[in-house]
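Step one of this worksheet: look at the structure below.
The values are calculated or read from the model by the stated rules, or taken from the named source; none is laboratory data. Being a predicted model, the structure only gives us computed values, none of them experimental. So basically every Cβ, Gly included, is an ideal-geometry build from the backbone, and we count neighbours across all protein chains shown. Side chains are part of the model used for accessible areas, which takes the heavy atoms of the whole protein and leaves out ligands, DNA and RNA. Shrake-Rupley method; radii C 1.70, N 1.55, O 1.52, S 1.80 Å.
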4 protein chains.
Amino acid sequence: MGRKQSFTETELLDVTKRLILEHGYDGFHLKLLSQHLSGARSTIYQYYSNKEEIVAACMKRVISQIMQNASSIDETDAMSALQQLLHVYMEESKLHQLLGDASKIKTQNVKALEDLAFVEQAHSFLKVQLSRLFEQAQKEGKLREDLPLPVLIGTFFNLINTPNLMNVPTQQWSSLLFQIWIGGSKR
Amino acid sequence: MGRKQSFTETELLDVTKRLILEHGYDGFHLKLLSQHLSGARSTIYQYYSNKEEIVAACMKRVISQIMQNASSIDETDAMSALQQLLHVYMEESKLHQLLGDASKIKTQNVKALEDLAFVEQAHSFLKVQLSRLFEQAQKEGKLREDLPLPVLIGTFFNLINTPNLMNVPTQQWSSLLFQIWIGGSKR
Amino acid sequence: MGRKQSFTETELLDVTKRLILEHGYDGFHLKLLSQHLSGARSTIYQYYSNKEEIVAACMKRVISQIMQNASSIDETDAMSALQQLLHVYMEESKLHQLLGDASKIKTQNVKALEDLAFVEQAHSFLKVQLSRLFEQAQKEGKLREDLPLPVLIGTFFNLINTPNLMNVPTQQWSSLLFQIWIGGSKR
Amino acid sequence: MGRKQSFTETELLDVTKRLILEHGYDGFHLKLLSQHLSGARSTIYQYYSNKEEIVAACMKRVISQIMQNASSIDETDAMSALQQLLHVYMEESKLHQLLGDASKIKTQNVKALEDLAFVEQAHSFLKVQLSRLFEQAQKEGKLREDLPLPVLIGTFFNLINTPNLMNVPTQQWSSLLFQIWIGGSKR
DNA sequence: AATGAATGAGCTTTCATTCAT
DNA sequence: AATGAATGAAAGCTCATTCAT
């Protein structure tokens, strides 16, 4: 019954994600959002009761997807798993930037808080997985041992931010970066 | 003699920089700025005629400093110059983030536009310098040749974003990252 | 046969009355109303075409009830009639408060205007009845004559607002107040 | 320094009081308020950070005035003190109505909460004073003893709501009501 | 007939900018 | 020159009412 919806929840969250990445949390307005959707601004409030809820839901969806992909990786071979993991991260390379805004959300709203708590948990799940794989790889003698693990992890994770100026396809790009990370830049 | 000056232009720009990095361009307000200065909000207009001018001036100052440091590097030995350059960048590791916001400034204001043009030029000066050093290094046989230069440059430049989780002092940190970048992570 | 009616008109008006008394005219929303009914907000418009109509109908129903009770009182003995009348008023002690909001309703709506006119008339019927009984009582020598009737009427009518802090049952409460009104508070 | 204010805080609170009494808490808008002041709506926010703060400050001012008047009454003779007290209340006969809205203010705002706490305290101070005077009067044998004190207090306090249809000047009106309350309405 | 969805009008609040002392 | 005060534009949000299934 009732009319048919003018935009789906998925559309809404997709557009939200794009706009937050483009304009940052503070630059993201519901007016802006509605301009990129088919309906009126007030219609959005039928689905989410305020801005925070929208952003939180958006972040949850993004990290959920990543966590799902990350947890389906076969971890038998640590190095191979790391390479796959890099690819997973790469596909959401703006993840970090997006989640960086999470701390700006100050809200009492229960739904938003729940979503943010989920994001938090997913975040630490991913960290744990990464540490686990690194330890495993180091045990297998695949990684240099003259450096503290956090430093290696940091450089690995930071790869996702590398600007892909030549627009190499994601799969190749992630594999390329992995090779550089492993072997270094010197001849 | 007039009243005592309530804050200097330098203070103003320093605080601006900090606040933009903390809150992002859209999260940066003149109200916020004045709260972190000793005078009244309206006094800011004695120095700059609007928000965009302030931000542009701030960016100009930051990149000027970098450019000055970068251009005083002795480029005789390419690899050594690159390491020094990394350190210069590192000291303003948030540069990228800051300049990323430059594109958000839409203004007609002449002064702001001039400052932004300067930023633009400095930006390309730095890129040229970087390319020059990379080519030199490659000619000297110091860098692998199986990869296009832009990819190497990208990974090099991206080093500055690596999160320094263990708070290693900047000088050591930049040198550490440079070693990893050169030699890779494998044993 | 159509769908089952989700709420009756009586339910609607009862809830309306309760909510207006609780939240005042301006604090009364159709959203609030629908939350206290079983159906959807839009269903309300099957019964009444707007908010004003609902409130007007509600007021009409309340004052109708009172007028009916008030007009069935045996007026042979003025003082006894007054006591009974007080009881009638008391049962709708919030009447005054409710009707006070009537003046806030600005509408062109015919149905609402008709209902408000009815309320007006009933109001004056009650005033007339009250005056009649007071005159009668005064003639019978039951009331002091050193005071203008309107003053006595005012104090009488105002009795219904007396806060019943000890929650005495209505019947006793109205009779108690009547005694005080008659005899005063002095020893 | 700075411009001169377009309205004083006193004006603001006076108008607020009038409008709340006229329209109730929910019917009171800042737009309405600004329409009854000389400046723009946003100017109000220079003095109070939101609606709740304004209303709370208004209530505080009203009850402060009353409390001050009430506490300067000479309580040596209980009955005389009561009559004076009635007059004090009468001058702010809408007090009750105004304070009734206090419970509608749900806020986290510290300033508003402090003002509301003050209102609460003043309220209970007044109740205590009233009870004290009633007990004193009863001891002096001035009041009937066949009724519980709360009932007498309730009828006394309720006097202030009596509609003054003939617009008797306040001083006379309060004294008139007091006589009726003491002596009753019977001949 | 009942209702889920859409929407514009209107209120609250914030902030860049201007004014006047 | 410095600043307290004023203000309009724009964002956030709510609600009465209408639409279309």
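Observations, loosely collected:
- For the stretch C:52-183, averaging the sequence separation of C-alpha pairs within contact (under 8 Å, six or more residues apart) and dividing by the residue count gives a relative contact order of 37 percent.
- Lysines whose Cα lies under 22 Å from that of B:Lys94, excluding same-chain neighbours fewer than 8 positions away: A:Lys94, A:Lys104, B:Lys17, B:Lys51, B:Lys60, B:Lys104, B:Lys106, B:Lys127
- Cα-based convex hull, the stretch C:52-183, per residue volume (Å³, whole number): 112
- Residues whose placed amide H lies under 5 Å from that of D:Lys186, excluding near-sequence neighbours: C:Arg144
- Degrees between helix A:51-71 axis and first principal axis of chain A (Cα, 0 to 90, nearest 10): 30
- 5 angstrom amide H check on A:Gln5, placed H, neighbours 5+ away: none
- Nearest 10 degrees, 0 to 90: helix C:149-158 Cα axis against chain C principal axis: 50
- Apportionment of accessible area to carbon and sulfur, chain A, percent (1.4 Å): 50
- For the pair B and A, total buried accessible area rounded to nearest 100 Å², probe 1.4 Å: 3100
- Cut-off 12 Å between beta-carbons: net charge of the residues surrounding B:Leu98, Lys and Arg +1, Asp and Glu -1: +3
- Rolling a 1.4 Å probe over the protein heavy atoms gives the stretch A:1-87 an accessible area of 52 Å² per residue.
- The listed residues D:Ile160, B:Ile153 rank as B:Ile153, D:Ile160 when sorted by accessible area, largest first, using a 1.4 Å probe.
- Take each residue in B:155-164, count the other chain C-beta atoms within 10 Å of its C-beta, and the mean is 5.
- Charge dipole (Cα centre; +1 on Lys/Arg Cβ, -1 on Asp/Glu Cβ; no other charges) of chain B amounts to roughly 500 debye.
- Kirkwood Rh (inverse of mean 1/r, distinct Cα pairs), the stretch A:10-107, angstrom: 14.7
- Across the stretch B:1-47, Cα-Cα pairs farther apart than 15 Å form 40% of the total.
- Formal net charge of residues neighbouring C:Lys139 (Cβ-Cβ distance under 14 Å; K, R +1; D, E -1): -1
- The relative contact order of the stretch D:1-106, computed from alpha carbon pairs under 8 Å that lie at least 6 residues apart in sequence, is 28 percent.
- J(HN,Hα) series, the stretch D:167-181, from Karplus relation 6.51 cos²θ - 1.76 cosθ + 1.60, nearest Hz, glycine and proline x: 6, 5, x, 3, 4, 5, 4, 5, 5, 4, 4, 4, 4, 4, 4
- Annotation: lysines with alpha-carbon distance below 17 angstrom to C:Lys142 (same-chain offsets under eight excluded): D:Lys186.
- Relative to the other identical copies, B:Thr76 shows label-point distances of 5.6, 10.6, 13.0 nm, where the label point lies 7 Å from Cα along the Cβ direction and values run shortest first.
- Estimated vicinal HN-Hα couplings, Hz - the stretch B:127-142 in sequence order (Karplus 6.51, -1.76, 1.60; Gly, Pro = x): 5, 4, 4, 4, 4, 4, 5, 5, 4, 4, 4, 5, 4, 6, x, 8
- Label-to-label distances for C:Leu113 across copies, nearest first, come out at 5.0, 5.2, 6.0 nm, using points 7 Å from Cα in the beta-carbon direction.
- Under the convention that each Lys and Arg Cβ holds +1 and each Asp and Glu Cβ holds -1, the size of the dipole of the stretch D:1-46 around its Cα centre is about 220 debye.
- 0 to 90° range, to nearest 10: angle between helix D:9-27 axis and chain D longest Cα axis: 80
- Helical runs (DSSP H, four residues minimum) scored at -39500 (n - 2.57) apiece and divided by the length of chain A put the mean residue ellipticity at 222 nm at -21500 deg cm²/dmol.
- If you model the protein assembly as shown as an ellipsoid using its alpha carbon gyration tensor, with each semi-axis the square root of five times an eigenvalue, the axes come out at 77, 31, 23 Å, biggest first.
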